[in-house]
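The values are calculated or read from the model by the stated rules, or taken from the named source; none is laboratory data. These numbers come from a predicted model, not from an experiment. FYI the Cβ positions are ideal-geometry reconstructions off the backbone, even for glycines, and counts take in every protein chain you see.
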Amino acid sequence: MTWNWNTIWPLLVAIGIVLAVIPILGLYLTFIERKVAAWIQDRIGPNRVGPFGLLQAVADGIKIFLKEQVIPDHVFKTVYFFAPTIGLICAMLSIAVIPFGPASPTPSDGFRAIIAPGVDIGILFVMGVSSLSAYGIILGGWASNNKYSMYGAVRSCAQFISYEIPLGLSLLGVIMATGSLNIESIVAAQGDGIANWNIWWQPLAAIMFFTAALAETNRLPFDLPECEQELVGGFHTEYSGIKFVLFFLAEYTHVVAVCFLTALLFLGGWHFPGLTGPVDSSLSGFLMRWMVLLAKVSLVFAVIVQLRWTLPRFRFDQLMGLAWCALIPLGIANFLGLVVVLSLDLPRWTLAPYSIALLFASALINARQVTKRAKDLAARSFALPSTERSAAVNAQPQLTR
Amino acid sequence: MNQTPNNAAQPSSPPPKKQVKWADPPQIGFMEALYLPAIAQGISTTVKHMVSRKPTTRQYPEVKPTISANYRGVHRLNRDDKGRVKCVACFLCQTACPADCIKIEATATDKNDPQWKDRDKFPATFVIDELRCIYCGMCEEACPVDAIELTSIYDLTGLSREEMLFDKDKLLSVYDETVQAGQDPVRTHRGALGPASESGPASESATGKSPALPSNGAQHHG
């Protein structure tokens, strides 16, 4: 690739679009989320600023910039300043290889709806960079020099480490079947009709990917790092003004990336019945595909928002249990089935019943375990002889002066 | 969990069934253990609320709530039927106030004034610090003549602390406002002098009729 104006301007345009759209999108996604929350809770939501409250996002933005930035005395200033930026940079970087519109695996000249087209390590790059954004949270929590921030940081650290594994395992099927890490190639491989979408033959992997990605974005029901009821504000307790917003922008950028990835990797990207095959160069076709992609992304975002106001937050042991006792074993089992199918050249659809069988088996085991634990607990409360029980009561530490 | 049958004390047997209501340990079925149907069920609930929108929100500054007449809000100083301040400056409210927010200065009335000849004392100043007040209603309970009352005005604001010190005129104007708006509180015998201030013959001769206390009293306390 030679560097001249013809190769540089598409790059600059794509970067400009991402840099301009992401902050505005962040503000408006917040607005949408508030509205949806209000509707779900039988309220009206922001409706004072502008028609239907549409300018609320703008007002919020202005307020944020004008707000006083409180910098506590006890923080480690350097790290405290850089932590939100690190989080945002990492989240933004992962967008670089994600096509935000139709893009062909062989990058053409002219405008392309992706910053870095044809990157052969696409998904690997996304996973590597987005898990770096944990540094933003960890450093922010540590530099705040506050126990609640530290708890939030440690929690997010454990959460990121745990959910990286199911995230990677769930993507293996998609990657191995396509034979490429390039996101455009993966979308192109789903191009021949709706039956080729990855979600049909990898339903379990799709669910696992969505769950793990949700956990990586620190959103409810996995928002333990900020967990208002327990940790004041978690890692961002000591942050205010624009630095606080950078954290949230990072989170929303992450959410946007997850929405795009889910739509691209599992839901067929910009393909739809009637819009199949490679990306054509006609403008109308391009715009139609773009609309299809954005519709799918919006759908995924709607599900994420709906889930936020539907599910209660996990307890921390439940969070770890979900990753280590459910998602990781399921991912490994799914991967084994995938290896068998691919090496024996069996038809791909055989993996769909296998996925469902895996899900049912895990549910059976889970139901058994929960029932057994409940029975044990009930048995234990009357199993102790009364003397032992009273001894146990007496053995409890007495209050002394 | 191992039971020891040779234990000297009585072995642990569950209490008789009649005394104890046994709760079954929580069980989780197959569908619940799948999680996904439960999540779908939850989403259907939230979507139902989202689609059938019946917001319970009240657009506050435009639509004011109807406050109960029993609400304890801003104070007022009542007027008697001649329009004078009803307070007899007995200091009972100031004494009863747990927040120490009432300051009264009493003055003797001029007995030569036909307007005041039936009264011994009246407050020269009567100041309530609305910021100190805890709105407990004990002043109103202590008042023997039902002169001080808490109204249902709840949106009290001011720009300075001095502004929130309500003096006699301000408190009387609150009375006029609430009477005009028909927002009389219901706890005390409003509109009539209490028993302590109407025993004198002067009051009856002055008004020419007995106050409506008994009927009102029956109404509110009966």
Residue, surrounded by the fewest Cβ atoms within 10 Å (Cβ to Cβ), within the range A:237-274, restricted to residues that are part of a loop (DSSP other than H, G, I, E, B) and of a type in the set (A, V, I, L, M, F, W, C)
A:267
If only one of A:228, A:216, A:238 is in contact with an Asp or Glu (Cβ under 9 Å, 6 or more places away or on another chain) and not hydroxyl-bearing (Ser, Thr, Tyr), which one is it?
A:216
Against the definition (in contact (Cβ under 8 Å) with a residue 40 or more places away in the chain and charged (D, E, K, R)), how does residue A:184 come out, yes or no?
yes
Considering only the range A:311-360, state which residues are without any contact (Cβ under 8 Å) to a residue 60 or more places away in the chain and either crowded, with 18+ Cβ neighbours inside 10 Å or within 14 Å of chain B (Cβ to nearest Cβ) (or both).
A:318, A:321, A:325, A:326, A:333, A:337, A:341, A:354, A:357, A:360
Between a first residue in the range B:34-50 that is more than 7 Å from every other protein chain (Cβ to nearest Cβ) and a second residue that is of a type in the set (Asp, Glu) and part of a helix (DSSP H, G or I), which pairs have beta carbons less than 9 Å apart while being 6 or more apart in sequence or on different chains?
B:38/B:32
In the range A:30-56, how many residues are without any contact (Cβ under 8 Å) to a residue 40 or more places away in the chain and at the interface with chain B (Cβ under 9 Å from one of its Cβ atoms)?
7
Tell me, please, whether a residue that is more than 17 Å from the chain's Cα centre (by Cα) and assigned to a loop (DSSP other than H, G, I, E, B) can be found in the range A:295-302.
no
Can you confirm whether residue A:374 is surrounded by 18 or more Cβ atoms within 10 Å (Cβ to Cβ) and over 30 Å from residue A:272 (Cα atoms)?
no
Of the conditions (1) surrounded by 13 or more Cβ atoms within 10 Å (Cβ to Cβ); (2) modelled with pLDDT of 85 or more; (3) more than 12 Å from chain A (Cβ to nearest Cβ), residue B:64 satisfies every one except a single condition; which number is it?
(1)
If you go through the range A:75-130, how many residues are small (Gly, Ala, Ser) and more than 20 Å from the chain's Cα centre (by Cα)?
7
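Which of the strands (runs of 3 or more DSSP E) found entirely inside the range B:27-133 contain at least 3 residues meeting this: within 21 Å of the chain's Cα centre (by Cα)? Talk me through it step by step, then tell me what you get.
Values: elements: B:75-77, B:102-108, B:121-129.
Those strands (runs of 3 or more DSSP E) span B:75-77, B:121-129.
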